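Asks: Here it is: the structure, laid out below.
The values are calculated or read from the model by the stated rules, or taken from the named source; none is laboratory data. All values derive from a computational prediction rather than experimental measurement. With ideal geometry, Cβ positions are generated from the backbone for all residues, glycine too; neighbour counts draw on all protein chains shown. Quick note on the areas: whole protein, heavy atoms, side chains included, nothing else; ligands and nucleic acids left out. Shrake-Rupley method; radii C 1.70, N 1.55, O 1.52, S 1.80 Å.
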Amino acid sequence: MSRTRTALLAAMALVAGATGTALAAVPGDVGAAAVPCTVDYKVQNQWDTGFTASVTVTNHGAAKSSWAVKWSYAGNQKITSGWNAKLTQSGTAVTAANESYNGTLATGGSTSFGFQGTYSGTNAVPATFTLDGVTCNVDSGGPTDPPDPTDPPPQGARVDNPYSGAKVYVNPEWSAKAAAEPGGSRIANQPTGVWMDRTAAISGANGKMGLRAHLDEALRQKGSGELVFQVVIYNLPGRDCAALASNGEFGATEIDKYKTQYIDPIAAILADPKYASLRIVTTVEIDSLPNLVTNVSPRATATPNCDVMKANGNYVKGVGYALNKLGDVPNVYNYVDAGHHGWLGWDDNFGASAEMFKQAATAEGATVADVHGFIANTANYSALKEDHFSVDQTVAGKSVRESKWVSWNRYVDELSYAKALREKLVSLGFDSKIGMLIDTSRNGWGGTARPTGPGATTSVDTYVDGGRYDRRFNTGNWCNQKGAGLGERPKAAPEPGIDAYVWMKPPGESDGASKVIDNDEGKGFDRMCDPTYTGNPRNDNNMSGALPDAPISGHWFSAQFQELMKNAYPPLS
């Protein structure tokens, strides 16, 4: 048996366990030159009535612009859902055809897809596979061959800063949308986060790339160097209890569904040895844990939904479970969402939120060792660094903290907040080497409105308002902000304690609809996305500052994208 085939079987044994695996002859085996295609069919998980499987096909013939793999079952297996291929079944015969984004199959190239199915009795592995009508030679040795213990699958060892010395994944779907915009080609090659904002996103909904498709593309982009793949974990039960625009699909009590239908499948995919060479960075559940501090009774900003989530503990349980399961994967780096300075920078929010992060990081089997760092300003607009005023200054007899804009906050920008929060978290028991990420995708605040110096010293308000880069009406405004611009480009290790500036929120994707829009994604309408809204206690009853005519959250918003490019700082060339 060749060394190549042994290594593949060893890798598959970790995933498939005692379930069925069929492996086609691989390059390096005797006679491989005559093999037109090879197929690797793996049963990854199996239970009494169902199973999940993955299929990888490698083309040894002429390059293809489209493909179709076919096989037949010997038993009563039925495919119920799939990802990264169009799957159809007639009786026992199955056809898997390419999606629009993965039709190219070069000579020597591979593509993967997967599915979930049902069965009763036995779940035998198909005996024969064809690629575009040509039979792929299946290795008769199959899963009975023992793995070679001297040839284990590769696994990436965690490094202190995953971004150092690494490229970062460019999402081809976002890149195509950006490039299609006038002037968008200037930033279309920037790396952005891949959002798993509902269970359907895992397999790929409505023709979009699923998680495996993205990871396969990440391997292609990686080449021989290091590459970071950024994925946002965002689907807690009762999600975003203080907002409506990004409510999720799971109800407040559906913690078990969150675990088994969302986190478990993601963890299983990330743990596939195929992806062990990637540095996978997770942003874990934005806009969740801080709500249990700031938007619960008896606060004036309390909402009934947040009171429910604090009482049932499912935010803490969900985040803890995610950290535990994802942290078990050797090449995953968990970064917990830590809000932003305009949310948690006040004395009565800062320490309590840090303690809440510690509580979640030690829940459901998780430990602080499962947390590699924290991320600030995810999908928000807070300026990276305000140069023209600080909380230590006094103007016209008043502290800058007394200004209406700062409103007694301890921090005026994200960089000072992130560094201070890092120190606080280390003091609570997190590793002294934890790093911070700052989302700079929409906090540039450039353009003609960007101040070049401090405001007039007539009063502390004129001083701060005249000099601040952040031009929102209030730091509590979070939806599709008018005047916002692209911020610092993604960059590794820009400051001590900061692992990277990132674009975790893809620029041009809406924060929420500006009016009621029916949808099947569980996303509601929040008045903070309505440009006519006059506010609430969470933004000190200011105007919302939102752009008009916005689609539901996560959908492409061309007007916002153009606004962000126009006001970019540093400016676009």
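Asks: Once both axes come from the Cα atoms, what is the angle between helix 314-327 and the longest principal axis of the chain, in degrees from 0 to 90, rounded to 10?
Replies: Roughly 50 degrees, rounded to the nearest 10.
Asks: With a 1.4 Å probe and every protein chain left in place, work out the accessible area per residue of the chain in Å², rounded to a whole number.
Replies: Value returned for the chain: 39 Å² of accessible area per residue.
Asks: When only C-alpha pairs under 8 Å and at least 6 residues apart count, what is the relative contact order of region 330-398, in percent?
Replies: Contact order relative to length: 46 percent.
Asks: Let me ask something else about it. Contact order normalised by length for the chain, with contacts defined as Cα pairs under 8 Å and 6 or more residues apart; what percent is it?
Replies: 11
Asks: Under the rule a/c < 1.5 gives rounded, and otherwise a/b versus b/c splits prolate from oblate, where does region 386-472 land using the Cα gyration tensor?
Replies: Cα axes put region 386-472 in the oblate bin.
Asks: Sticking with the crude label model, points 7 Å out along Cα→Cβ, report the distance from residue 462 to residue 88 in nm, one decimal please.
Replies: Each label point is offset 7 Å from its Cα along the Cβ direction, giving 7.3 nm.
Asks: Now, a different point. Assuming a ≥ b ≥ c are the square roots of the Cα gyration tensor eigenvalues, decide whether region 371-516 counts as rounded (a/c under 1.5), prolate (otherwise, with a/b larger than b/c) or oblate.
Replies: It comes out oblate by the Cα gyration axes.
Asks: While we're here: Considering only the other residues whose Cβ falls under 12 Å of the Cβ of residue 189, what net charge follows from Lys and Arg at +1 and Asp and Glu at -1?
Replies: +3
Asks: Moving on to the next point. Report, to one decimal in Å, the Kirkwood hydrodynamic radius for the chain based on all distinct Cα pairs.
Replies: 25.2
Asks: While we're here: Assuming a ≥ b ≥ c are the square roots of the Cα gyration tensor eigenvalues, decide whether region 437-573 counts as rounded (a/c under 1.5), prolate (otherwise, with a/b larger than b/c) or oblate.
Replies: Oblate shape, in that a/c is at least 1.5 and b/c is the bigger or equal ratio.
Asks: Next question, about the same structure. Ignoring ligands, DNA and RNA, how do 473, 350 rank by accessible area with a 1.4 Å probe, largest first?
Replies: I get 473, 350, largest accessible area first.
Asks: Moving on to the next point. Based on C-alpha coordinates, I'd like the Rg and Dmax of region 282-423, in Å.
Replies: My reading of the Cα-based Rg and Dmax gives 16.4, 55 Å.
Asks: For the chain, find the longest principal axis of its Cα atoms and tell me its angle to the long axis of helix 211-222, 0 to 90°, nearest 10.
Replies: 90
Asks: Another question about this same structure. Any chance you could count the Lys pairs in region 237-376 whose alpha carbons are under 26 Å apart, treating pairs 8 or more apart or on different chains as valid?
Replies: Count of close lysine pairs: 15.
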